[in-house]
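Notes to accompany the following structure.
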Amino acid sequence: MQSLLQAAALAPALLPASIPSPGWSGFDIPLPWGALRIHAYALCILAGIIAGLWLTSVRWAKRGAPEGSVWDIVIWAIPFGIIGGRLYHVFSSPDAYFGPGFDGTGDLSLIPQIQRGGLGIWGAVVLGVVGAWIGCRRSGVKLSAFLDAAAPGLLLAQALGRWGNWFNQELFGGPTTLPWGLQIDPNNPNFPAGVPADTLFHPTFLYESLWNVAGVVILLALDRRFSFRRSRLFWLYAMYYTLGRVWIEAMRIDDAEQVSLFGITTRLNVWTSILVFVLALAAFILLGLKKRPEPDTVYLPGREPAEKDAAPAVDGAPAPGVTGTSEASRDTDTVVSDSESRDNLPDNQSGSRPSSVPAEKGEAAPAGAKPGTDAAASGHTGSTATGTAPEAGSK
């Protein structure tokens, strides 16, 4: 018992008092003409894309989408999303690229260098949806159906991608004394000026990552319960994400465009999140008032998969519109063919046709012949059958 109490007393000392800054931000791949730098930020974004695609593809397949169509869509959505995310970041934090007050002292060459960090989620979503719309039109599926399938995957991708900010030591919050405070290298360009070197900061990247993971679970549970359609789950994703982004964004201390509205001056991303939340709420409510279409399908009108040309036969009858000879017809033809073959064979004794073969129509039986007596075979003149048919009732 005493040893357990001693271990409990030592536990706080064993736990880290802060989140350490990463020891590296990437690695180099040697090449004949130099080295290729692989940034940890890019690896986090890539991991997020892979995880988000996996979850989206699973959900998309369960909705009856055509096989492989998810790749035909994301091949448009991902590049559009990256471009849109970078453009929004440049617009919301323009000082590094255009200089303070757009005085021209910035460095425009930094704009395409996304490996340094800086992707704005709302630019990524807007242009990413445009790319997804192109892919959906080419695949013959509804954009609204794809957005519902992709909503949880988007949050999962964002949860993993946020860890790239930790590797870049960027986008952290204000100073804190909490045990999960984030260490930042004092020599890092992002370290605030005039702040003691041992200062800890709010790990806003971690807050947002955990918020997003919780959102994935919530969206999946709500979709399982209510089976949202017509992009309602996507708008629910937008509401959830912006609700967390407002308070997380307000904690950050990195440079950002400030906007004053209603006597309040705050970051552009805060106002954008509020606006997106209101629009998403309105869209979610309005779409909920509409009756769900019947049948509920992911295909665009007129792009449904073609039905099979031939239906299965019923009670041995061929399906309507199906050409070909039935099994019964083939059997009849075989009997007739066999009978005709036997007609052409001469009798072993008299050379006449067998008595079991009836006479052909149109030939009269000889006068005085008993009923059942065979007439002469056609082409065998002067030869008649002499046998008589058995009397009725004979066995």
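For region 243-254, take each phi angle, set θ = phi - 60°, evaluate the Karplus expression 6.51 cos²θ - 1.76 cosθ + 1.60, and give the result in whole Hz per residue in order, putting x for glycine and proline.
Result, rounded to whole Hz: 4, x, 5, 4, 6, 6, 4, 5, 7, 6, 10, 6.
Evaluate E = 1/(1 + (r/R0)^6) for residue 62 and residue 38, where r is the Cβ-Cβ distance and R0 equals 35 Å; express this FRET efficiency to the nearest 0.05.
Step by step, r from the Cβ atoms, then E = 0.50.
Compare the Cα positions of 33, 55, 21 along the charge dipole of region 21-92 (+1 at Cβ of Lys, Arg; -1 at Cβ of Asp, Glu; about the Cα centre) and return the one farthest towards the positive end.
Value computed over the given set: 55.
Take each of the peptides 46-52, 143-149, 286-292, average the number of other beta-carbon atoms within 10 Å over its residues, and list them starting from the highest.
Per-residue mean Cβ counts within 10 Å order the peptides as 143-149, 46-52, 286-292.
For region 14-288, just run the numbers: alpha carbon Rg, then divide by 2.2 N^0.38 Å, N being how many residues it has.
1.06
With θ set to phi - 60°, apply the Karplus curve 6.51 cos²θ - 1.76 cosθ + 1.60 along region 152-163 and write out the HN-Hα couplings as whole Hz, x wherever there is a Gly or Pro.
Result, ordered by residue: x, x, 4, 5, 5, 4, 5, 4, 6, x, 4, 5 Hz.
So if the hydrodynamic radius of region 210-286 is defined as the Kirkwood radius over C-alpha pairs, what does Stokes-Einstein give as its diffusion coefficient at 4 °C and 1.567 mPa s, in µm² per second?
Calculated translational D: 95 µm²/s.
Assuming R0 = 30 Å, what is the FRET efficiency of residue 304 and residue 225, from their Cβ-Cβ distance, to the nearest 0.05?
0.60
Report the extension gain between residue 178 and residue 29 in nm, rounded to one decimal, defined as 0.36 nm multiplied by the number of residues separating them, less their alpha carbon distance.
49.8 nm
By average Cβ neighbour count within 10 Å, what is the ranking of 231-239, 91-99 from highest down?
The densest-packed peptide leads the list: 231-239, 91-99.
About its Cα centre, how strong a charge dipole does region 14-288 have in debye, to the nearest 20, once Lys and Arg get +1 and Asp and Glu get -1 at the Cβ?
My answer is approximately 1380 debye.
Under a Cβ-only charge scheme (Lys and Arg +1, Asp and Glu -1), can you give me the dipole magnitude of region 12-86 about the Cα centre, in debye to the nearest 20?
Charge dipole, region 12-86, about its Cα centre: 200 debye, nearest 20.
Using a Förster radius of 30 Å, what is the FRET efficiency between residue 191 and residue 108 based on their Cβ-Cβ separation? Nearest 0.05, please.
0.75
If packing is taken as the average count of other Cβ atoms within 10 Å, what order do 165-178, 263-276 fall into, highest mean first?
Answer by packing, highest mean first, reads 165-178, 263-276.
Mind listing the phi-derived Karplus ³J(HN,Hα) values for region 62-70, rounded to whole Hz, using 6.51, -1.76 and 1.60 with θ = phi - 60°, and x for any glycine or proline?
Result, ordered by residue: 5, 8, x, 6, x, 4, x, 5, 4 Hz.
Only the coordinates and a few stated rules stand behind these numbers; no lab work does. Keep in mind it's a predicted model, so treat the numbers as computed, not measured. All Cβ positions, even for glycine, are placed from backbone atoms using ideal geometry, and neighbour counts span all protein chains on display.
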